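Scroll down for the structure; my scribbles are underneath it.
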């Protein structure tokens with residue numbers, strides 16, 4: 001009978017249940033759990049590896065998990081980390097707006113919550129934020145276009161530019177956009193820089209989930225609609241993943257020949273395809289975010305908590321509820337003149353770039 | 001002894017899944033070094049799988065009739081987005097938001113039902129269309145952003161527990177009390193059914209067996225209650241889940257409506273010729289699954305504390321897998337609510353266990369796929385033996 005099976009089930013359950021319950025080992029090493037959004041973008045792999053390497057060296061027990069860009073998976077990774085007794089949670093959110101409940105539960109259980117790269121919004125349960133200067137990065141992209149087109153030297157153009165921004169559900173995207181616009185706005189107003197499609201606002205230029213295919217499709221449509229008789233001189237690509245799609249679209253439209261030189265294309269993250277693209281002369285620049293430096297800055301924060309000292313933040317970021325103290329590291333612009341830095345800093349090897 | 005073995009073998013199919021679940025729990029309990037059955041983790045298991053269970057319960061009648069509903073994931077996203085817009089941006093009160101979301105769910109179900117039942121389009125196509133339509137509308141509604149946060153009443157659905165009205169000890173005594181009451185209820189129910197069987201002259205199991213089995217059922221309930229009481233008590237979500245399970249088990253096993261659904265799945269032409277309003281019933285199953293998808297949408301939005309554009313992605317597959325692992329037939333005509341619950345638990349424990357052990361997410365997915373295949377294969381083999 002079904003009930004007899006329940007008997008077997010319960011008897012068999014009893015044994016490991018009590019065996020497991022006794023195993024409350026007191027580990028000397030405090031645990032740090034690193035939660036990353038996805039393995040699909042190499043930046044998270046780089047960060048994950050460097051963080052684990054540094055913290056293991058410093059005597060912490062480490063756990064590293066990826067959520068494949070699935071929000072609810074990250075939510076239960078947070079819950080499981082708390083169940084396992086982690087002392088610190090360093091989270092790069094899949095969706096900054098959807099984990100407020102999960103981190104509040106973690107905070108209530110005494111865990112120190114640190115947001116990495118993407119600020120966790122709508123909750124007081126964030127202790128610290130470690131990031132690069134987001135606004136500065138946007139400015140760097142804008143400044144690069146400004147310099148490459150000669151706008152700062154007084155060239156009047158008019159130059160055609162299109163904008164491909166990041167995911168609308170990532171609060172960083174808006175900041176990158178704002179940073180870049182702070183540099184480029186005066187040229188847009190003066191008419192030396194023109195967005196032919198009229199798609200200027202962040203909302204209309206955003207690319208959901210930073211998806212390469214979506215960026216490519218949009219660029220295809222922009223090129224066929226507005227650039228049959230004209231060429232585009234610059235594309236403000238928010239990151240390598242969307243710029244990859246942009247470059248595919250440009251290539252298939254015949255850019256990269258004498259009559260149609262490749263426009264200035266920006267990016268960030270220094271993905272492998274982007275570096276190769278920069279060497280080939282298709283993508284113009286990317287931004288290097290050194291995961292080794294990120295790991296050091298994260299350690300600064302956690303070390304301060306371990307020692308019980310107050311750490312002076314570099315800047316405060318408002319997460320719609322309160323100001324989160326943040327520690328920042330410098331982004332580095334990379335183009336065909338200085339791309340060697342990605343090999344020097346250990347992101348890639350010579351063999352990777354063959 | 002022989003008698004017992006005969007009874008077990010006779011019910012091997014139903015027992016197969018319970019044994020599989022038991023095995024998986026034991027494997028992971030040992031593998032996670034005891035973390036799986038910690039009170040906090042048991043509570044997490046309930047919260048992590050609650051919305052899938054709701055979808056599986058709604059999906060089951062659809063599968064019994066030999067059809068499928070691919071749109072539930074998008075309905076989850078759509079109602080979550082609707083709730084977010086209403087409560088966060090327009091400041092509509094909680095109860096009205098709830099009613100509107102359920103009504104929208106019913107409307108979507110009616111829409112699908114009309115095309116499937118009355119126009120005759122295959123359910124696969126209708127609901128495939130639904131997946132795209134409502135995903136698109138979700139993203140449009142949210143303008144691509146995640147919208148939150150909700151107020152505390154809304155979040156309570158997925159976050160809060162029945163408060164301890166008694167208190168005083170570290171165990172949640174209200175939960176314990178509820179557990180004891182449930183046990184008394186089970187004992188009474190079993191006694192009554194045994195008595196009515198005796199009166200009707202039907203064969204009953206020996207008394208010692210009856211006492212053992214009832215005692216074990218109570219033990220099971222008390223064990224679960226203990227785990228919950230040792231953490232924060234009974235989550236509100238569990239109350240909702242138990243209500244849905246009890247209600248739908250009753251409808252599927254004890255009502256004419258339930259009988260008719262099975263009849264349609266068993267042989268639709270025969271059912272229609274014997275006077276069952278097959279079109280009406282299909283229409284009803286569509287409305288039912290969509291309302292439950294709306295409920296799941298609200299539960300999920302409360303868990304994330306936001307309406308998100310990517311919510312519900314792939315949920316329909318989880319719900320469908322849960323039903324099939326639990327013993328539903330691909331051609332329709334069989335499947336139980338209890339089976340859907342076990343199917344959800346099997347997948348939930350695996351997800352949770354593999355995550356705790358630290359298996360990489362990509363390998364997790366591969367393992368899950370294999371387990372689904374094996375579970376249904378074993379189930380089909382056992383059916384053939386009969």
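Any read-out appearing in this document is the output of simple, stated calculations on the displayed coordinates, not a laboratory observation. None of the values given here were measured: they were computed from a predicted structure. For neighbour counting, all protein chains shown are included, and Cβ atoms are generated from backbone atoms with ideal geometry for every residue, glycine included.
Per-residue ellipticity at 222 nm from helix content only, as computed over chain A with -39500 (n - 2.57) for each DSSP H run of at least four residues, stands at -14000 deg cm²/dmol. The label-point distance for residue B:222 and residue B:180, in a model that sets each label 7 Å from Cα toward Cβ, rounds to 1.1 nm.
Remark: the residue B:317-residue B:173 segment gains 48.0 nm on full extension, using 0.36 nm per residue and subtracting the alpha carbon distance.
Relative to the longest principal axis of the Cα atoms of chain A, the long axis of helix A:71-83 lies at roughly 40 degrees. Here the calculated FRET efficiency for residue B:277 and residue B:91, from their Cβ-Cβ distance with R0 = 41 Å, stands at 0.45, rounded to the nearest 0.05. Remark: relative contact order (chain B) = 36 percent; criterion is Cα-Cα distance under 8 angstrom and separation of 6 or more residues.
Here the simple spin-label model places points 7 Å from the Cα toward Cβ, and for residue A:45 and residue A:28 these points are separated by 3.6 nm.
Normalised Debye scattering of chain B at q = 0.06, 0.09, 0.14 Å⁻¹ gives log10 I(q)/I(0) of -0.25, -0.58, -1.39, counting only Cα atoms as equal scatterers and leaving out solvent.
Of all the options B:117, B:81, B:22, the one that moves most in a Gaussian network model of chain B with Cα springs shorter than 10 angstrom is B:22.
Taken residue by residue and averaged, Cβ atoms of other chains lying within 10 Å of the Cβ of B:308-318 number 3. In plain terms, the chain from residue B:377 to residue B:239 could stretch by 46.3 nm, reckoned as 0.36 nm per residue minus the Cα-Cα distance. Hey, with R₀ at 56 Å, roughly what FRET efficiency would residue A:276 and residue B:195 work out to, going by the Cβ-Cβ distance, to 0.05? About 0.10, to the nearest 0.05. At what distance in angstrom do the alpha carbon centres of region B:131-193 and region A:278-354 lie from each other? Comparing the Cα centres of region B:131-193 and region A:278-354, I get a distance of 42 Å. Dividing the summed helix terms, -39500 (n - 2.57) for each DSSP H run of n ≥ 4, by the number of residues in chain B produces a 222 nm estimate of -25500 deg cm²/dmol to the nearest 500. When the Debye formula is applied to the Cα atoms of region A:134-289, each taken as the same point scatterer, what base-10 log of I(q)/I(0) results at q = 0.11, 0.15, 0.18 Å⁻¹? Per q value, in the given order, log10 I(q)/I(0) is -0.35, -0.69, -1.05. Every Cα-Cα pair in the protein assembly as shown was counted, and those over 41 Å apart are 38% of them. Hey, what angle do you get for helix A:134-149 against the long axis of chain A, alpha-carbon based, 0 to 90 degrees rounded to 10? Around 20 degrees separate the two axes. Taking the Cα centre of each part, how many Å lie between region B:311-386 and region B:58-88? Here the two parts' Cα centres lie 19 Å apart. Neighbour counts of C-beta atoms inside 10 Å place B:85, A:247, A:175 in the sequence B:85, A:175, A:247, starting with the fewest. By other beta-carbon atoms within 10 Å, ranking B:205, A:75 with the fewest at the front produces B:205, A:75. Of the residues B:101, A:270, B:323, B:218, the one with the fewest other Cβ atoms within 10 Å heads the list, and the complete ranking is B:218, B:101, A:270, B:323. Binning the C-alpha pair distances of region B:304-371 at 5 Å intervals from 0 yields a P(r) profile of 4, 15, 20, 21, 19, 14, 6, 2 %, listed from the shortest bin outward.
Compared with the direct C-alpha span, the chain from residue B:132 to residue B:253 gains 40.1 nm at full extension, assuming 0.36 nm per residue. Report the relative contact order of region A:134-289, percent, no decimals, based on alpha-carbon pairs under 8 angstrom and at least 6 residues apart. Once divided by the residue count of region A:134-289, the mean separation gives 25 percent.
Gaussian network model of chain B, Cα springs within a sub-10 Å range: biggest mean-square fluctuation belongs to which of B:254, B:195, B:44? Taking springs between Cα atoms under 10 Å, the residue moving most is B:195.
Entry for region B:39-114 at q = 0.15, 0.28 Å⁻¹: log10 I(q)/I(0) = -0.67, -1.24, Debye formula applied to identical alpha-carbon scatterers, no solvent contribution. Taking 7 Å steps out from each Cα toward its Cβ at residue B:160 and residue A:296 produces label points 4.8 nm apart. Quick check: the angle from helix A:240-252's long axis to the longest principal axis of chain A, C-alpha only, nearest 10 degrees? Compared with the principal axis, the helix lies near 40 degrees. For the pair residue B:187 and residue A:323, what calculated FRET efficiency results from E = 1/(1 + (r/R0)^6), where r is the Cβ-Cβ distance and R0 = 51 Å, to the nearest 0.05? In this case the efficiency is close to 0.30.
Volume of the convex hull of chain A (Cα atoms only), normalised per residue: 187 Å³.
Tell me whether region B:132-258 comes out rounded, prolate or oblate; compute the Cα gyration tensor, take square roots of the eigenvalues as a ≥ b ≥ c, and use a/c under 1.5 as the rounded threshold. Note, shape of region B:132-258 comes out oblate. Take chain A, connect every pair of alpha-carbon atoms lying under 10 Å apart with a spring to form a Gaussian network, then pick out the residue of A:46, A:305, A:288 with the largest mean-square fluctuation. Answer for the Gaussian network model of chain A: A:305.
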